[in-house]
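To start, the structure under review is shown below, and the notes come after it.
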Amino acid sequence: MKITIEQFEVWGTPFRGDDQAHLDENTKGLFSGRESLTPAEVVRMGSVDIDCRIRVLLRPQILGAQFMPTVKAIVDRAVRNHCFGCGDESIEEWAHRWLSGKCGTTIDAIGTAGNAEEEDPPAYAAAYTAHAAAFAILAVRPMRCTACGEIRTVDIGHAADAADADFAADCADSAALAAAHAASYAADFAAARNAADTKDYETVRSVRVAGADHAACAVEREKQLAGIVLAMGGK
């Protein structure tokens with residue numbers, strides 16, 4: 001598949017629709033006069049923010065059958081990294097259910113996120129992780145085809161699925177962002193706690209370790225992009 005300038009504009013910028021897309025000179029310059037690029041070429045666009053590249057590529061139209069396995073791998077990594085040892089048994093029980101495939105509702109995930117948000121700061125990363133899971137579940141919610149009435153999940157080969165695929169991509173992007181925020185929050189708190197050499201959060205909260213959160217977020221985003229490349233066949 002080739003990605004056109006118009007698609008890059010719409011897919012790469014959140015909260016914009018086709019009627020708002022515009023061919024600004026910057027995007028035209030990135031395409032170097034070409035009308036379209038391959039997904040592999042988008043991966044290699046180092047001058048483009050990684051968030052934008054992930055939004056463009058993490059979608060059913062690009063990954064096909066590998067779309068949901070890629071999204072789930074992102075969430076699974078966050079669950080393993082941030083839910084176990086967070087200090088709340090209910091969150092850890094939910095994490096075990098998620099990894100065993102027994103957690104399949106947004107209510108379960110969002111309820112877990114709410115529990116985590118009420119806990120001490122070490123559990124906040126778990127809250128972001130549970131939100132990521134909720135968005136991942138939404139990405140494959142059952143939908144009724146407007147053409148034939150059949151109940152199905154996202155299938156880019158099925159008629160009238162363009163809007164569904166875009167919705168799934170939006171949910172996947174939100175899941176990936178939540179996972180990155182979880183990594184950021186966990187690193188920020190851990191670094192601050194180590195610097196303060198105390199478990200008292202009131203003290204830890206006043207200590208900021210420059211770059212710890214941004215570095216962790218950047219590492220997670222690079223892992224996400226690497227997973228997308230793998231799903232594309234390593235191209």
Exercise. Tell me, Ser32, Ser90 in order of fewest to most beta-carbon neighbours within 10 Å?
Worked result: Ser32, Ser90
For this session: Starting at the first residue of region 176-185, write each ³J(HN,Hα) from the Karplus equation 6.51 cos²θ - 1.76 cosθ + 1.60 with θ = phi - 60°, in whole Hz, x for Gly and Pro.
Result: 5, 5, 4, 5, 5, 5, 4, 4, 5, 5
Exercise. Using alpha carbon centroids, what distance separates region 26-89 and region 171-188, in Å?
Worked result: 13 Å
Exercise. Using the Cβ atoms and a cut-off under 13 Å, what net charge is assigned to the surroundings of Ala78, where Lys and Arg are +1 and Asp and Glu are -1?
Worked result: +3
Exercise. Most exposed first by the Cβ proxy, i.e. fewest other Cβ within 10 Å, how do Thr4, Thr129, Thr27 rank?
Worked result: Thr4, Thr27, Thr129
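Coordinate-derived values only; no laboratory data. Quick caveat: nothing in here was measured; it's all calculated off a predicted structure. Note that we place each Cβ from the backbone using ideal geometry, even for glycine, and neighbour counts take in every protein chain shown.
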